1. For the subset of the range 63-97 comprising residues that are modelled with pLDDT under 95 and open to solvent by 60 Å² or more (accessible area, probe 1.4 Å), which member is nearest to Gly154 (Cα to Cα)?
2. Which condition number does Ala12 fail, the rest of (1) under 19 Å from Ala85 (Cα atoms); (2) surrounded by fewer than 17 Cβ atoms within 10 Å (Cβ to Cβ); (3) not polar (S, T, N, Q) being met?
Amino acid sequence: MSEQSVQRTTVAARAAWSAVVRAGATLTITDLHGNQAVDFLVYDAGDTSVRYSAPDTIQAQGNIFLTTGSVLMSNEHTPLMTVVADDVGRHDTVGGACSKESNTLRYGHHTWSQHACVDNFLAEGARYGLGKRDLVSNINWYMNVPVEKDGTLGIVDGISAPGLSLTLRAERDVLVLVSNCPQINNPCNGFEPTAVEMTIGAPE
(Lines give C-alpha, C1' and ligand atoms only; values in the text may rest on other atoms or scores of the structure.)
Protein backbone atom coordinates (compact mmCIF):
# COMPACT_ATOMS: atom_id res chain seq x y z
CA MET A 1 0.00 0.00 0.00
CA SER A 2 1.51 3.35 -1.02
CA GLU A 3 1.90 6.21 1.43
CA GLN A 4 -0.40 8.26 -0.83
CA SER A 5 -3.26 5.82 -0.18
CA VAL A 6 -2.97 6.17 3.60
CA GLN A 7 -4.69 8.85 5.71
CA ARG A 8 -3.04 9.17 9.12
CA THR A 9 -4.34 11.41 11.93
CA THR A 10 -3.20 11.89 15.50
CA VAL A 11 -6.18 12.38 17.80
CA ALA A 12 -5.28 14.44 20.84
CA ALA A 13 -6.07 13.36 24.38
CA ARG A 14 -9.77 13.93 25.21
CA ALA A 15 -10.62 14.79 21.57
CA ALA A 16 -13.21 13.48 19.12
CA TRP A 17 -12.64 12.17 15.58
CA SER A 18 -14.77 10.86 12.75
CA ALA A 19 -14.47 9.62 9.19
CA VAL A 20 -16.27 7.71 6.49
CA VAL A 21 -14.39 4.47 5.82
CA ARG A 22 -15.18 2.99 2.41
CA ALA A 23 -16.06 -0.67 1.89
CA GLY A 24 -12.90 -2.77 1.83
CA ALA A 25 -10.75 -0.05 3.40
CA THR A 26 -9.06 -0.52 6.75
CA LEU A 27 -8.97 1.55 9.91
CA THR A 28 -6.01 1.04 12.26
CA ILE A 29 -6.21 2.46 15.79
CA THR A 30 -2.80 2.78 17.45
CA ASP A 31 -2.45 3.23 21.21
CA LEU A 32 0.55 5.57 21.06
CA HIS A 33 1.36 5.80 24.77
CA GLY A 34 -0.42 2.73 26.20
CA ASN A 35 -3.67 2.05 28.08
CA GLN A 36 -5.75 4.73 26.37
CA ALA A 37 -9.42 3.80 26.00
CA VAL A 38 -10.93 4.65 22.61
CA ASP A 39 -14.74 4.85 22.63
CA PHE A 40 -16.12 3.87 19.24
CA LEU A 41 -19.43 3.94 17.34
CA VAL A 42 -20.05 2.86 13.75
CA TYR A 43 -22.97 3.45 11.40
CA ASP A 44 -23.88 2.52 7.83
CA ALA A 45 -22.72 5.67 6.00
CA GLY A 46 -25.66 5.48 3.59
CA ASP A 47 -28.33 4.93 6.25
CA THR A 48 -27.33 5.86 9.81
CA SER A 49 -30.44 4.17 11.22
CA VAL A 50 -28.38 1.01 10.65
CA ARG A 51 -25.77 1.15 13.39
CA TYR A 52 -23.56 -0.94 15.66
CA SER A 53 -25.46 -3.26 17.96
CA ALA A 54 -23.73 -4.68 21.02
CA PRO A 55 -26.38 -7.42 21.53
CA ASP A 56 -26.17 -8.58 17.90
CA THR A 57 -22.36 -8.53 17.98
CA ILE A 58 -22.12 -10.44 21.27
CA GLN A 59 -24.73 -13.00 20.17
CA ALA A 60 -23.10 -13.57 16.78
CA GLN A 61 -19.68 -14.36 18.20
CA GLY A 62 -20.73 -15.85 21.54
CA ASN A 63 -18.31 -13.61 23.44
CA ILE A 64 -18.51 -10.24 25.17
CA PHE A 65 -14.90 -9.40 24.26
CA LEU A 66 -13.64 -8.39 20.82
CA THR A 67 -10.42 -9.48 19.09
CA THR A 68 -9.15 -10.69 15.71
CA GLY A 69 -12.03 -12.22 13.74
CA SER A 70 -14.76 -10.40 15.64
CA VAL A 71 -17.44 -8.95 13.37
CA LEU A 72 -19.17 -5.72 14.42
CA MET A 73 -22.82 -6.39 13.67
CA SER A 74 -25.61 -3.88 13.07
CA ASN A 75 -29.09 -3.69 14.57
CA GLU A 76 -30.20 -5.47 11.37
CA HIS A 77 -27.73 -8.28 12.14
CA THR A 78 -25.56 -7.39 9.15
CA PRO A 79 -21.78 -6.90 9.26
CA LEU A 80 -20.37 -3.37 9.50
CA MET A 81 -16.67 -3.99 10.19
CA THR A 82 -14.39 -6.92 11.01
CA VAL A 83 -11.36 -6.94 13.30
CA VAL A 84 -8.58 -8.28 11.06
CA ALA A 85 -5.59 -7.70 13.38
CA ASP A 86 -5.21 -7.09 17.12
CA ASP A 87 -2.06 -6.74 19.20
CA VAL A 88 -3.92 -6.72 22.53
CA GLY A 89 -6.39 -9.61 22.37
CA ARG A 90 -9.39 -8.33 24.30
CA HIS A 91 -11.57 -5.22 24.01
CA ASP A 92 -14.72 -4.17 25.86
CA THR A 93 -18.35 -4.17 24.65
CA VAL A 94 -20.20 -3.56 27.93
CA GLY A 95 -18.52 -0.70 29.84
CA GLY A 96 -20.31 2.07 27.94
CA ALA A 97 -19.31 5.70 27.46
CA CYS A 98 -18.62 8.09 30.31
CA SER A 99 -21.01 11.01 30.67
CA LYS A 100 -21.51 13.90 33.04
CA GLU A 101 -24.41 11.98 34.58
CA SER A 102 -22.54 8.70 35.11
CA ASN A 103 -19.45 10.52 36.39
CA THR A 104 -21.57 12.34 38.95
CA LEU A 105 -23.26 9.11 40.05
CA ARG A 106 -20.01 7.13 40.31
CA TYR A 107 -17.47 9.71 41.44
CA GLY A 108 -19.36 12.64 42.99
CA HIS A 109 -20.96 15.92 41.98
CA HIS A 110 -17.58 17.66 41.76
CA THR A 111 -16.99 15.78 38.46
CA TRP A 112 -20.03 17.35 36.74
CA SER A 113 -17.98 19.88 34.75
CA GLN A 114 -15.49 17.30 33.46
CA HIS A 115 -15.53 16.60 29.73
CA ALA A 116 -16.91 13.14 28.85
CA CYS A 117 -17.22 10.74 25.91
CA VAL A 118 -20.93 11.42 25.42
CA ASP A 119 -20.06 15.10 24.89
CA ASN A 120 -17.54 14.09 22.21
CA PHE A 121 -20.02 11.76 20.49
CA LEU A 122 -22.75 14.41 20.46
CA ALA A 123 -20.47 17.14 19.10
CA GLU A 124 -18.91 14.93 16.42
CA GLY A 125 -22.17 13.23 15.50
CA ALA A 126 -23.88 16.60 14.99
CA ARG A 127 -21.64 17.10 11.94
CA TYR A 128 -23.61 14.26 10.31
CA GLY A 129 -27.07 15.11 11.60
CA LEU A 130 -26.88 12.66 14.52
CA GLY A 131 -28.25 13.44 17.96
CA LYS A 132 -28.65 11.89 21.39
CA ARG A 133 -31.23 9.37 20.13
CA ASP A 134 -28.61 8.03 17.73
CA LEU A 135 -26.10 7.15 20.46
CA VAL A 136 -26.08 3.43 21.24
CA SER A 137 -23.97 1.17 23.44
CA ASN A 138 -20.42 1.63 22.21
CA ILE A 139 -17.19 -0.33 21.93
CA ASN A 140 -14.25 0.59 24.17
CA TRP A 141 -11.05 -0.37 22.38
CA TYR A 142 -8.14 -0.99 24.79
CA MET A 143 -10.36 -0.76 27.89
CA ASN A 144 -10.05 -3.63 30.34
CA VAL A 145 -13.45 -4.57 31.82
CA PRO A 146 -13.26 -8.07 33.30
CA VAL A 147 -16.58 -9.74 34.04
CA GLU A 148 -16.83 -12.27 36.89
CA LYS A 149 -18.96 -15.42 36.88
CA ASP A 150 -21.63 -13.68 38.97
CA GLY A 151 -21.87 -10.85 36.41
CA THR A 152 -19.85 -8.34 38.42
CA LEU A 153 -17.71 -6.10 36.25
CA GLY A 154 -15.18 -3.37 36.89
CA ILE A 155 -12.93 -0.97 35.01
CA VAL A 156 -9.34 -1.88 35.89
CA ASP A 157 -5.78 -1.29 34.70
CA GLY A 158 -5.42 -1.77 30.96
CA ILE A 159 -3.52 -4.55 29.20
CA SER A 160 -2.34 -2.47 26.24
CA ALA A 161 1.11 -0.88 25.83
CA PRO A 162 2.70 1.92 23.80
CA GLY A 163 2.52 1.32 20.05
CA LEU A 164 0.05 -1.57 20.10
CA SER A 165 -2.69 -1.42 17.49
CA LEU A 166 -5.78 -3.06 16.06
CA THR A 167 -7.10 -2.99 12.50
CA LEU A 168 -10.68 -3.13 11.25
CA ARG A 169 -11.91 -3.73 7.70
CA ALA A 170 -15.08 -1.99 6.56
CA GLU A 171 -17.64 -4.45 5.15
CA ARG A 172 -19.65 -1.57 3.65
CA ASP A 173 -19.23 2.21 3.60
CA VAL A 174 -19.34 3.15 7.28
CA LEU A 175 -19.30 6.29 9.39
CA VAL A 176 -17.03 5.96 12.42
CA LEU A 177 -17.29 8.22 15.49
CA VAL A 178 -14.50 8.14 18.08
CA SER A 179 -14.09 9.70 21.49
CA ASN A 180 -10.51 9.50 22.70
CA CYS A 181 -11.71 9.00 26.26
CA PRO A 182 -11.15 11.92 28.66
CA GLN A 183 -11.92 9.92 31.83
CA ILE A 184 -9.60 10.68 34.78
CA ASN A 185 -11.60 9.09 37.64
CA ASN A 186 -10.84 5.41 36.92
CA PRO A 187 -7.86 3.46 35.50
CA CYS A 188 -9.19 3.12 31.92
CA ASN A 189 -6.63 5.71 30.74
CA GLY A 190 -4.10 5.22 33.52
CA PHE A 191 -5.62 8.39 35.04
CA GLU A 192 -3.86 10.44 32.33
CA PRO A 193 -5.52 10.56 28.87
CA THR A 194 -3.11 10.47 25.93
CA ALA A 195 -3.16 10.72 22.13
CA VAL A 196 -3.95 7.89 19.70
CA GLU A 197 -3.42 7.53 15.96
CA MET A 198 -6.07 6.72 13.36
CA THR A 199 -4.90 5.36 10.00
CA ILE A 200 -7.25 4.73 7.07
CA GLY A 201 -5.87 2.46 4.38
CA ALA A 202 -7.41 2.33 0.91
CA PRO A 203 -9.23 -0.82 -0.26
CA GLU A 204 -6.84 -3.41 -1.69
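The values are calculated or read from the model by the stated rules, or taken from the named source; none is laboratory data. Worth saying up front: this structure is predicted, and the values here are computed from it rather than measured. With ideal geometry, Cβ positions are generated from the backbone for all residues, glycine too; neighbour counts draw on all protein chains shown. Please note that ligands, DNA and RNA were not included when accessible areas were found on the heavy atoms of the full protein model with its side chains. Shrake-Rupley method; radii C 1.70, N 1.55, O 1.52, S 1.80 Å.
1. Here the residue is Val94.
2. (1)
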